[in-house]
Amino acid sequence: MLKIIENIFSELDEINCVDGIHEKCDYAKKSYLYLAEFSMNINGNSVDLVLGVPKNWTVHLFDVYIKLYKNIKLIPHMSEHGKLCLYETEGILIDSNFTELLKDTIHRTNQLLIAGLESANTNDFVEEFENYWLLLPDSVYIRSLVLLGQDVKKIKCINRENSSRNNTNKIRDIICADSELEIKLYSTNDSIYNGLYIPVTTKDFVYPPDWRLNLNIEFINGLLNLANVDYQRVAKVLKKNRILLIFNVFQPSMDNSIFGVFIWGHEFDDKLKQISFLSNSNHGINPGSISRCDKAYLVNRGGGAFSGIVYEKVLIIGCGSIGGYFISELIKAGFNNITIVDDDKLEEANIFRHILGMEHVDMYKVVALHNYLTKNYPYLKIFPYPNKIEELIEDGSLDLKDYDLIISAVGNHNVNRMLNRYVFRHSIKSPTLYLWNEVLGIGSHAALIQHGFDGCYDCFFEYDESGIYDRTTFAEKGQHYTRRLTGCGSTFMPFSSLDSIRTTILGMDAIKTLNNEGFAESILISKKGDASYFETCGYRTSSRYENSKTLEIVVPASEFKKDKCIVCGSGII
């Protein structure tokens, strides 16, 4: 491999001079199999470089450094120790051909240096503003729950300190939010102080300062006076002994540069009647790298499949296997006002098919879910009711008309039929989503019933000489599936956690479509599972299962409605 490097370096026109190629060397606090020192001629100027080949180069690529990086003009894509960022490593497929990868690395280095020294890629500073801000000396880590907007506002902040005496930076991190309640998600002991969120709109680009130098207070003063800030409104906050400023710069390119600065021991120039910090030997200034933890960012970071939440207030009935997973996914999609109903307590027998574990055994599922979810996810309003839904409706504790979306995950046809009849009888206009598993993994179902459209949940059931039966099922009628671990009170329907996750995905896809574009009518979505274990246990699949050629079956209400349905057809019970 050493010979290959020597041959390539001798062939490439971009390389001006090779000072040496060494084996097993360290550079910039990293170990390399090979380290090559060379120079390139860029527009008549010789630039000394170092190329490192790591042991796992097929995973982490080659590293290239500018040797005297503090003496060169500041260029984009140069980071700590003069390392050049040559590739977008996220999602890249690395060529394991050593020769071609080395040639490509040298070519990219040459092009990057030319563009940087000729100022052809200056706007790249704006695109990666936060990365360069992080490189500034004495930088601190800021977790920001502050909702971004167009107006200056006061925010709440705490500093969490390092416990180790060996750590030179006293501040471990800073938490900032719009309210003290949000701050307490992270700490209830640290002293809270005020800060400012300051949006800055400018016609000219704001570039990051040179990260090789200490941050100058004049850079902050320049930003403050670019912002449209009412001096009288913020002067009182700025005059405090310590302050955190969060800047949101709206760049002309439509990019946002979001960063912070913690200033302490400063003096404020009150005579100018404008926002200005005085430079003095006693003040301290820490650039702050922002980690956004606000709801808008977190939801979008998690997938953001919903283009704005239309159905803001949600009622979920049933917090068992499906309900537990479904509530969690709703929250991750951005729903944050959820009422949950279930009168059941979590038992040891539940935990291998439930989102909750042993620490919540013997608690009401709704209470346990409330505690678990509010502890782990910010911005939630969860209202738990450890009751039967029929009791809450009957005594008036809940009014279904108060909710934008109703979801039943009880997995019990009798409860669902009762709910369906109540919704139709009382003209509840909220869409209702019913979710249920079939036994032993043979299928999952999601039925979305919409007010003002044909079809309802009761349309899924029919009568023959043997009695009532379910038309949606993938199992042949007349079979019994409940299992018993001990006595009669221990019967349960056999399905797994994976079955509930599949049903949850089915339901979330339905809500995504409902929220983003809507359905033209009520709809039943069924997904076939693997019937091999079901059949091994001696059970038979239905003709619906056997005759369906696709795994997912979508049936519109125009096909499943019954003209003589006693709920949505000829009359109401």
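The values are calculated or read from the model by the stated rules, or taken from the named source; none is laboratory data. In this text, all values refer to a predicted model and were calculated from it rather than measured experimentally. Note: ideal-geometry Cβ built from the backbone for every residue, glycine included; neighbour counts use all protein chains shown. Accessible surface is based on the protein model in full, side chains and every heavy atom, while ligands, DNA and RNA are left aside. Shrake-Rupley method; radii C 1.70, N 1.55, O 1.52, S 1.80 Å.
Annotations
- Residue list for region 334-366, filter: of a type in the set (K, R) and either under 28 Å from K295 (Cα atoms) or free of Cβ contacts under 8 Å to residues at least 60 places away in the same chain (or both): K345, K365
- When restricted to residues that are over 14 Å from E521 (Cα atoms), open to solvent by 10 Å² or more (accessible area, probe 1.4 Å) and acidic (D, E), region 411-462 contains 2.
- Failed item, numbered, when S10 is tested on (1) in contact with a Lys or Arg (Cβ under 8 Å, 6 or more places away or on another chain); (2) free of Cβ contacts under 8 Å to residues at least 12 places away in the same chain: (1)
- Test for K170: is it open to solvent by 80 Å² or more (accessible area, probe 1.4 Å), of a type outside the set (A, V, I, L, M) and out of contact with any Pro (no Cβ under 7 Å at 6 or more places or on another chain): yes
- Residue in region 228-246 that is under 26 Å from M78 (Cβ atoms) and not hydrophobic (A, V, I, L, M, F, W, C) present: no
- Counted residues, region 512-548 - those being β-branched (V, I, T) and modelled with pLDDT under 95: 2
- Which numbered condition N414 misses (of (1) assigned to a helix (DSSP H, G or I); (2) of a type outside the set (G, A, S); (3) touching a residue at least 40 places away in the same chain (Cβ under 8 Å)): (3)
- So T536, is it under 21 Å from E476 (Cα atoms), in contact with a strand residue (DSSP E or B) (Cβ under 8 Å, 6 or more places away or on another chain) and either open to solvent by 30 Å² or more (accessible area, probe 1.4 Å) or in contact (Cβ under 8 Å) with a residue 12 or more places away in the chain (or both): no
- Exactly one residue out of Y364, Y377 is modelled with pLDDT of 95 or more, of a type in the set (F, W, Y) and either closer than 24 Å to L551 by Cα or open to solvent by 40 Å² or more (accessible area, probe 1.4 Å) (or both), and it is Y364.
- Among residues of region 230-255, those that are in a loop (DSSP other than H, G, I, E, B) and under 32 Å from the mean Cα position of the chain (by Cα), counted: 5
- Qualifying residue in region 24-36 (condition: within 22 Å of D124 (Cα to Cα), among the hydroxyl-bearing types (S, T, Y), open to solvent by 10 Å² or more (accessible area, probe 1.4 Å) and out of contact with any Leu (no Cβ under 7 Å at 6 or more places or on another chain)): no
- Subset tally (residues that are modelled with pLDDT under 90, part of a loop (DSSP other than H, G, I, E, B) and within 22 Å of G320 (Cα to Cα)) for region 439-497: 10
- Consider region 217-241 and keep the residues that are open to solvent by 50 Å² or more (accessible area, probe 1.4 Å) and touching a residue at least 60 places away in the same chain (Cβ under 8 Å). The one that is nearest to E130 (Cα to Cα) is E218.
- Subset of region 194-211 [over 14 Å from F247 (Cβ atoms) and open to solvent by less than 50 Å² (accessible area, probe 1.4 Å)]: N194, D210, W211
- Looking at region 501-573, the helices (runs of 4 or more DSSP H) lying wholly inside it that each contain 2 or more residues that are touching a Cys at 6+ places or on another chain (Cβ under 8 Å) sit at 557-560.
- Filtering region 40-60 to residues that are buried (at least 16 other Cβ atoms within 10 Å of the Cβ), without any contact (Cβ under 8 Å) to a residue 60 or more places away in the chain and assigned to a strand (DSSP E or B) leaves D48, V50, L51, G52, V53.
- In the set F129, F125, F98, only one residue is under 30 Å from E6 (Cα atoms), touching a residue at least 60 places away in the same chain (Cβ under 8 Å), aromatic (F, W, Y) and surrounded by 16 or more Cβ atoms within 10 Å (Cβ to Cβ); that residue is F98.
- Here L223 qualifies as modelled with pLDDT under 95, closer than 21 Å to E127 by Cβ and assigned to a helix (DSSP H, G or I).
- Checking the stated criteria, L369 turns out to be in a helix (DSSP H, G or I), hydrophobic (A, V, I, L, M, F, W, C), touching a Cys at 6+ places or on another chain (Cβ under 9 Å) and without any contact (Cβ under 8 Å) to a residue 60 or more places away in the chain.
- Any hit, region 552-560, residues being in contact with a Ser or Thr (Cβ under 7 Å, 6 or more places away or on another chain) and closer than 14 Å to A475 by Cβ: no
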